[in-house]
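Asks: I'd like to ask you about the structure that follows.
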Amino acid sequence: MSRHLIEARGLTYRYPDGTLALSDISFRIGHGEAVAVIGGNGAGKSTLLLHLNGSLQSGAGEVRVADLPVGNATLTQIRNAVGMLFQDPDDQLFMGSVFDDVAFGPRNLGLPESEVAGRVNDALATVGARHLAGRPPYRLSGGEKRAVAIAGVIAMAPSILVLDEPSDGLDPAARRRLINLLRSFSHTRIVATHDLDLVLDLCSRVLVMNRGRIEADGKPQAIFTDTELLARCQLEPPLSWQRRS
């Protein structure tokens, strides 16, 4: 079975206070798909993404990557396959320099330092941040932090990219670089975002979440022309569409 396949079956999750965050979530995403996860604030997008690499684990339902269930016994294999960009880049940047932050994952794989350096330099060049290699992360702007966090994910050479609000805080040039980068990645991409124009540029499939459930699963054109669905899920059409009207 393709290691680029990711699947949820009946996934349900409650926060420690008992609030239902995910309710009976099921989907299957195949090799090479670029899938957006959209919804209003509190819809459950980030909670869902955190299940895809085992950062959260539910008592009900399951997530599988290829033929492996996500669980404590498989976390190393899952996290080598699933590269995760968190919503807040500060959650991923904790070393003394940008170079060491991007190198952290490859070093933990036990790669020789020459290969680590090659991966770091290539990843930073890909996101236009090679000039930041010697800087401490706390001296970066929000957009620079996000670019470096993306480089850290790329350096791990994952089979599946899972990205939570990847364009947040990026200037237009950096945003366009991100879109081109994600287009060039031939494997599976799952992107939770409020940037619906990015969805149009990148994704061929959209999962719409509302109150912890998947309300719709379809192509962007069909989703964004369903005004009743958008209103119910606290969404609006992409800005580029609104400018035409």
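Asks: Name the one entry in ALA231, ALA174, ALA151 that is within 26 Å of GLY40 (Cα to Cα), free of Cβ contacts under 8 Å to residues at least 60 places away in the same chain and either in contact with a helix residue (DSSP H, G or I) (Cβ under 9 Å, 6 or more places away or on another chain) or of a type in the set (Phe, Trp, Tyr) (or both).
Replies: Only one candidate qualifies: ALA174.
Asks: Mind checking which residues of the stretch 1-41 are among the basic types (Lys, Arg) and surrounded by fewer than 17 Cβ atoms within 10 Å (Cβ to Cβ)? Write out each step before concluding.
Replies: Initially, the stretch 1-41 is screened for residues among the basic types (Lys, Arg), giving 3, 9, 14, 28.
Across the stretch 1-41, the qualifying residues are ARG9, ARG14, ARG28.
Residues checked against (1) buried (at least 17 other Cβ atoms within 10 Å of the Cβ); (2) within 15 Å of the chain's Cα centre (by Cα); (3) assigned to a helix (DSSP H, G or I); (4) among the hydrophobic types (A, V, I, L, M, F, W, C):
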site	(1), (2), (3), (4)
ARG177	yes, no, yes, no
LEU182	yes, yes, yes, yes
VAL191	yes, yes, no, yes
VAL199	yes, yes, yes, yes
VAL206	yes, yes, no, yes
LEU235	yes, no, no, yes
SER240	no, no, yes, no
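Asks: Sticking with this one: With respect to the numbered conditions (1) surrounded by fewer than 22 Cβ atoms within 10 Å (Cβ to Cβ); (2) under 22 Å from GLN57 (Cα atoms); (3) touching a residue at least 24 places away in the same chain (Cβ under 8 Å); (4) within 13 Å of the chain's Cα centre (by Cα), which one is the sole condition not fulfilled by ASP88?
Replies: So the condition that ASP88 fails would be (3).
Asks: Another question about this same structure. Do you know which residues across the stretch 65-81 are touching a strand residue (DSSP E or B) at 6+ places or on another chain (Cβ under 8 Å) and of a type outside the set (Gly, Ala, Ser)?
Replies: Across the stretch 65-81, the qualifying residues are VAL65, PRO69, VAL70, THR74, GLN77, ILE78.
Asks: Can you tell which of LEU48, LEU56 is crowded, with 20+ Cβ neighbours inside 10 Å and at pLDDT 90 or above?
Replies: None of the other options fit; the residue is LEU48.
Asks: For the stretch 56-64, does any single residue satisfy the condition of being farther than 17 Å from ASP217 by Cβ, in contact (Cβ under 8 Å) with a residue 24 or more places away in the chain, in contact with a strand residue (DSSP E or B) (Cβ under 7 Å, 6 or more places away or on another chain) and among the aliphatic types (A, V, I, L, M)?
Replies: There is at least one residue in the stretch 56-64 that is farther than 17 Å from ASP217 by Cβ, in contact (Cβ under 8 Å) with a residue 24 or more places away in the chain, in contact with a strand residue (DSSP E or B) (Cβ under 7 Å, 6 or more places away or on another chain) and among the aliphatic types (A, V, I, L, M).
Asks: In addition: Identify the residue in the stretch 155-175 that is surrounded by fewer than 18 Cβ atoms within 10 Å (Cβ to Cβ) and of a type outside the set (Gly, Ala, Ser) and, among all such residues, is nearest to the chain's Cα centre (by Cα). Give the steps one after another, and end with the answer.
Replies: Our first condition is that a residue be surrounded by fewer than 18 Cβ atoms within 10 Å (Cβ to Cβ); within the stretch 155-175, this holds for 157, 168-169, 171-173.
The next check asks that each one be of a type outside the set (Gly, Ala, Ser); those that pass are 168, 171-172.
On the way: ASP168: 12, ASP171: 19, PRO172: 19 Å.
The qualifying residue nearest to the chain's Cα centre (by Cα) is ASP168.
Asks: Kindly evaluate ARG135 against the criterion of being surrounded by fewer than 23 Cβ atoms within 10 Å (Cβ to Cβ) and part of a helix (DSSP H, G or I). Working first, answer last.
Replies: Details: surrounded by fewer than 23 Cβ atoms within 10 Å (Cβ to Cβ): yes; part of a helix (DSSP H, G or I): no.
No: the conditions fail for ARG135.
The values are calculated or read from the model by the stated rules, or taken from the named source; none is laboratory data. Predicted model, so just to flag it, every value in this text is computed and none were measured. Virtual Cβ from ideal backbone geometry, glycine too; neighbours counted across all protein chains shown.
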